[in-house]
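Bear in mind these aren't lab numbers, they're just calculated from the coordinates by the rules spelled out. Given the structure is predicted, the values throughout are model-derived calculations rather than measurements. Quick reminder, even Gly has a Cβ in these numbers, built from the backbone with ideal geometry, and neighbours come from all protein chains shown.
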Amino acid sequence: MNKQAKLTLVGAGPGDPELITLKGIRALKEADVVLYDALANEELLEYAKNAEKIFVGKRRGMHKFIQEKIQDLIVEHASQGKHVVRLKGGDPFIFGRGSEELKFVVAKGIEIDIVPGVTSAIAAPASFGISLTQRGVNESFRVITGTRSDLKLSEDVEAAANSNVTIVILMGMSKIEKIVNTFIEKGKINIPVAIIENGTKKEERLAVGTIGTILNIVNEKKLSNPAIIVIGETVKESEVLYSQLLIQKGKTR
Ligand SMILES: C[S@@+](CC[C@H](N)C(=O)[O-])C[C@H]1O[C@@H](n2cnc3c(N)ncnc32)[C@H](O)[C@@H]1O
C-alpha cells in the first residue's frame, strides 16, 4: 500500500496514448487505484501495473456511473491510505468535472494533486493542421459546449454565432442541426467548418465544409461523437496543412 493517501487528477490527453504528460505517467506508475473514463485511452493503464483499475465511464450496455458514486469510490479508497489516480480524457478541467471531484475530496480532508492534460479542444484540430489562431485571420478563439447538463442547446452557441471569433464546440454532434441553423439565422452560411472525430486516435476522421454544407457531410460520413466542431475562417486558412496531412495519414476528407 502507498504511504501517502491522496487523489491525483490526471489528464489522459485527447486519445493518442503518447499525448499524456511524463508527470501523468509517473502518477499512474505510483497509483494504488485508477478510476478511468471512457475517453481515457485504456493503453495508458499498462503504466499502472500494480493498481486496481476501475472503469467509471459510460459504455455500450452499461449504465453511466453517477458522479456521486465516483466521488464516494475515490474517498473510500483514499481513506484506506491509497493513492488514487483519477484518469480523465483530455484536460480534466475542460468540461471534465475535474474540479467538482477535487472539491469533494478536499472537503473530506484528502490531499490532492493535479496533472493537467492536453485538451482535445486544441489537440484534435491541431493534429490535422487546423490552427485555432492565425495572424491576420482571427484574434481569439472560444471553446464552448454544444450541450448543457440539462441536455439543451447551450445559449453560448447563439452568442458565438454573433461573434467573429473562431468557435470550438465540444459535445456538439447531437445538436449539429441546431448549431448550423443558429449560424444560418445570423447570415453565416459560408463560414468554413471542420469536424474532427476521434482526434489523434488511429480511427480519427476529418470532415471539412461550410455552415451550408456540413450537415450533408455529417450524414454522408455518419460522423458522431466524440468530435470537435471548429467554425471560422481559420479552417479555410489551414487547407494547405490539412490537405498535406490527410495525404500523409492516407485518409480522405
Ligand atoms: C465531456 S467532454 C471532455 C473533454 C475533455 N476534458 C478534453 O479536454 O478533451 C467530451 C467531449 O470532448 C470532445 N472530445 C474528447 N476527446 C475527443 C477526441 N479525441 N476527438 C474529438 N473530440 C473529442 C468531444 O466533443 C466529446 O463529446
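Observations, loosely collected:
- Against the chain, whose longest principal axis is taken from its Cα atoms, helix 98-107 shows a tilt of about 30°.
- Dipole in debye (nearest 20) - the stretch 95-142, about Cα centre, beta carbon charges: Lys, Arg +1; Asp, Glu -1: 160
- Between 0 and 90°, nearest 10: helix 176-185 axis offset from the chain longest Cα axis: 40
- At 0.890 mPa s and 25 °C, Stokes D of the stretch 42-106 from Kirkwood alpha-carbon radius, µm² per second: 188
- Modelled label positions at K202 and S79, each set 7 Å beyond Cα in the direction of Cβ, lie 4.2 nm from each other.
- About the Cα centre, charge dipole magnitude for the chain (Lys/Arg +1, Asp/Glu -1 at Cβ), debye: 340
- The stretch 124-241: antiparallel DSSP beta bridges as a percent of all, rounded to 5: 75
- Residue (of T182, P92, L73) at the positive-pole extreme of the chain, dipole from beta-carbon charges: L73
- Nearest-ten-degree value, helix 67-78 long axis tilted from longest Cα axis of the chain: 40
- Furthest towards positive pole of dipole, L153, A107, S120, structure part the stretch 99-177, Cβ charges: S120
- For the Cα trace of the chain, dividing Rg by the Kirkwood Rh returns an Rg/Rh value of 1.01.
- Helix content alone sets the calculated 222 nm mean residue ellipticity of the chain: runs of n ≥ 4 DSSP H residues at -39500 (n - 2.57) each, divided across all residues, give -8500 deg cm²/dmol.
- Straightening the chain between L245 and Q134 buys 38.1 nm, computed as 0.36 nm per residue apart minus the Cα-Cα spacing.
- Length available on full extension from I217 to E68: 0.36 nm per residue minus the Cα-Cα distance, which gives 49.8 nm.
- Inter-site label distance for K58 and E42 at 7 Å from Cα along Cβ, in nm: 1.9
- Ranked packing of 169-182, 147-160, 85-98, most packed first, by mean Cβ within 10 Å: 85-98, 169-182, 147-160
- Tensor-based shape of the stretch 196-253 (alpha-carbon gyration tensor, a/c under 1.5 rounded, otherwise prolate or oblate): oblate
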